[in-house]
Amino acid sequence: MKRIFLILTLALAVLVFTVFMSSCGKGTEGLEFVDINEDECGVKCGKATEVSEIVIPKTHEGKTVTTIMSSGFAKCEKLTSITIPKTVTKIEMGAFYGCKSLESVYYKGNVNNWCDIDFAHSTANPMSEAEAFYAKGKEITEIKLKKISAIKPYTFFGFDRLTSFKADENLEAIGENAFAGCTELASVELPSSLVKLDKLCFATCEKLKEITIPANTSQIHALAFYESGVNKVVFENTEKWFAASKETDTKGEKIDVTDSEKNAKTLKKSGSGYWKRVIPNN
């Protein structure tokens, strides 16, 4: 009798576990899905407007969830945490606008996978509202990128708890607003491979005090460090820098970049155009 009871108990436990896992695999109840093509779909909050913790599934009815739609979770005022699958490659404008209670973002991929996502705007990045970011269950406060050639616009926008960043010798470009609003970011090590720093890429990084521009860098937007805390911008290569109004310009008024403190003061102010360096012909 005890043996039969034990078998029935184990069977019930397996059934409950199976149902539970099946439910989790479907994501939060009430989410709305939008067909993109035969294989992909996007997701919106749908009827889950009052839910505090939302889990986005990686698939829905056989289609891969690749997009968080425009205004998809906008003004979900009770939302405190959201789980995003590795399958998401695009987040549209306003997706998390007005999510004032959002505290934590749980991402199922790693930081390199996060760099593959296309963010349409600052309001597309959930970290524009949230405070803590977790990748594969671990809170990310330091970033060490490997095998990434470019950081896309808004990728790490609003990462409030990020304290340091460095990358290996594959990184060539840091996009617009890539680290803007990272108020705790104090240490940045740019690799020698870096060529380009785009508009507002380190804007309002209040604790960032000093940065070294690698010798291979040839283009910096005039607003790259807008209202940041930098007081020294050191150039490893100080030759042939000029001011350009357009990204395509190949010549302009010469700029003296030998004074690190003056560089910082200028790049922190409101301005337009680019600082560019003449590349010697091989």
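Side notes on the structure shown:
The rows are residues; the columns are (1) part of a strand (DSSP E or B); (2) over 15 Å from Ala124 (Cα atoms); (3) modelled with pLDDT of 95 or more.
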| residue | (1), (2), (3) |
| --- | --- |
| Val51 | no, yes, yes |
| Ile82 | yes, no, yes |
| Lys86 | no, yes, yes |
| Cys99 | no, no, yes |
| Leu102 | no, no, yes |
| Gly109 | no, yes, yes |
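- Qualifying residue in the range 157-173 (condition: part of a strand (DSSP E or B) and of a type in the set (Lys, Arg)): yes
- Leading residue by the ranking (nearest to Ile279 (Cα to Cα)) among those in the range 205-243 that are of a type in the set (A, V, I, L, M) and surrounded by 20 or more Cβ atoms within 10 Å (Cβ to Cβ): Ile220
- Phe73 of a type in the set (Phe, Trp, Tyr), within 27 Å of Ala180 (Cβ to Cβ), in contact with a helix residue (DSSP H, G or I) (Cβ under 9 Å, 6 or more places away or on another chain) and at pLDDT 95 or above: yes
- Residue among Ala178, Ala186, Ala132 that is assigned by TED's automatic domain parsing to the domain that holds Tyr97, touching a Ser or Thr at 6+ places or on another chain (Cβ under 7 Å) and surrounded by 15 or more Cβ atoms within 10 Å (Cβ to Cβ): Ala132
- In the range 236-250, the residues that are at pLDDT 95 or above form Cβ pairs under 7 Å with partners that are of a type in the set (S, T, N, Q) and surrounded by 14 or more Cβ atoms within 10 Å (Cβ to Cβ), at six or more places apart or across chains, as follows: Glu236/Thr212.
- Between Gly252, Gly181, Gly175, the distinction of being over 21 Å from His121 (Cβ atoms) and among the small types (Gly, Ala, Ser) belongs to Gly252 only.
The values are calculated or read from the model by the stated rules, or taken from the named source; none is laboratory data. Everything numeric here is computed off the predicted structure, so don't read it as measured data. Using ideal geometry, Cβ is built from the backbone for each residue, glycine included, and neighbour counts are taken over all protein chains shown.
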